[in-house]
Amino acid sequence: MLLNRSVLRCLASAALIVVLVGSSSQAIYLSGKAWLAQRLLYAAWRESETINTPRRPWPWADIHPVGLLQIPALGIEQVVLNDHSGESLAFGPGMAEANGTIMLAGHRDSHFAFLQELAVGDHINFQRSGEPTRVFRVNSTQVLDTRRQEQIIATDEVLLLVTCFPFDALTAGGPLRYVVVATKIP
């Protein structure tokens, strides 16, 4: 038995709707997870600051808050984690430190999507656990290729915000990184 064209169109439309709903629900789930994680992380951050001891945001977490990142011009406030592995970055930006330079990493399509809106001259506030808030000014933005030995010469007065690039890439894990370089305001 042959199916007529209207039945085929209906089946194709139904299949397309199923695919679209599935794609949308995945995006909503990931956004919801990121939103909820930041709320739990923020509560853990406040408690950690009160008792001066790192607190896990949920009982089985292997991460904890180590800082608070604020971008006043964009209305951004995010809790920063002690780990910058891919699994941890699903919940928020992560911190690494080398030779006094602070590097914060985050996913380009969630927590660090705002980096494309930062401009030279914008201020970044960063507070580490148990320390006063430090204010940094964005000096430059650049795209680095991880396949090369490119380095940013930095001192302990520098904050680097790093994410994958380009922002609108269809697949993750490319070799390019978008880097915001900010220096401490005395």
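The values are calculated or read from the model by the stated rules, or taken from the named source; none is laboratory data. As the structure is a prediction and not an experimental result, all values here were calculated from the model. Counting neighbours? That spans all protein chains shown, and the Cβs are built from the backbone with ideal geometry, glycine included. All accessible areas refer to the heavy atoms of the entire protein, side chains included, with ligands and DNA or RNA removed. Shrake-Rupley method; radii C 1.70, N 1.55, O 1.52, S 1.80 Å.
Annotations for the structure displayed:
- There is no residue in segment 5-19 that is at pLDDT 70 or above and either of a type in the set (S, T, N, Q) or surrounded by 10 or more Cβ atoms within 10 Å (Cβ to Cβ) (or both).
- So L104, is it outside any helix (DSSP H, G or I), closer than 25 Å to G174 by Cα, out of contact with any His (no Cβ under 7 Å at 6 or more places or on another chain) and not β-branched (V, I, T): yes
- Filtering segment 26-42 to residues that are among the aliphatic types (A, V, I, L, M) and closer than 18 Å to D83 by Cα leaves A34, A37, L40, L41.
- Candidate set: segment 70-97, residues that are within 11 Å of the chain's Cα centre (by Cα), at pLDDT below 90 and not polar (S, T, N, Q); chosen: the one least open to solvent (accessible area, probe 1.4 Å): G92
- For segment 161-176, the criterion of a residue being open to solvent by less than 50 Å² (accessible area, probe 1.4 Å), small (G, A, S) and farther than 24 Å from A34 by Cα is satisfied by no position.
- Test: residue in segment 62-69 that is of a type in the set (D, E), closer than 21 Å to S129 by Cβ, open to solvent by 30 Å² or more (accessible area, probe 1.4 Å) and part of a strand (DSSP E or B): no
- Residue within segment 83-92 that is in contact with a Pro (Cβ under 8 Å, 6 or more places away or on another chain) and either closer than 19 Å to K184 by Cβ or not in a loop (DSSP other than H, G, I, E, B) (or both) present: no
- Pair list, Cβ under 7 Å, 6 or more apart: segment 45-61 residue exposed (fewer than 14 other Cβ atoms within 10 Å of the Cβ), other residue not aromatic (F, W, Y): N52/G130; W58/L40
- Boolean, D109 is at pLDDT below 90, more than 21 Å from A34 (Cα to Cα), assigned to a loop (DSSP other than H, G, I, E, B) and among the acidic types (D, E): no
- Of all residues in segment 162-184, those satisfying the criterion of being part of a strand (DSSP E or B), within 14 Å of S110 (Cα to Cα) and hydrophobic (A, V, I, L, M, F, W, C) are V162, C164.
- Subset of segment 104-135 (residues that are open to solvent by 60 Å² or more (accessible area, probe 1.4 Å), within 17 Å of A73 (Cβ to Cβ) and in contact with a strand residue (DSSP E or B) (Cβ under 8 Å, 6 or more places away or on another chain)): Q116, V120, H123, T133
- Qualifying residue in segment 149-158 (condition: open to solvent by less than 30 Å² (accessible area, probe 1.4 Å), touching a residue at least 12 places away in the same chain (Cβ under 8 Å), among the aliphatic types (A, V, I, L, M) and in a helix (DSSP H, G or I)): no
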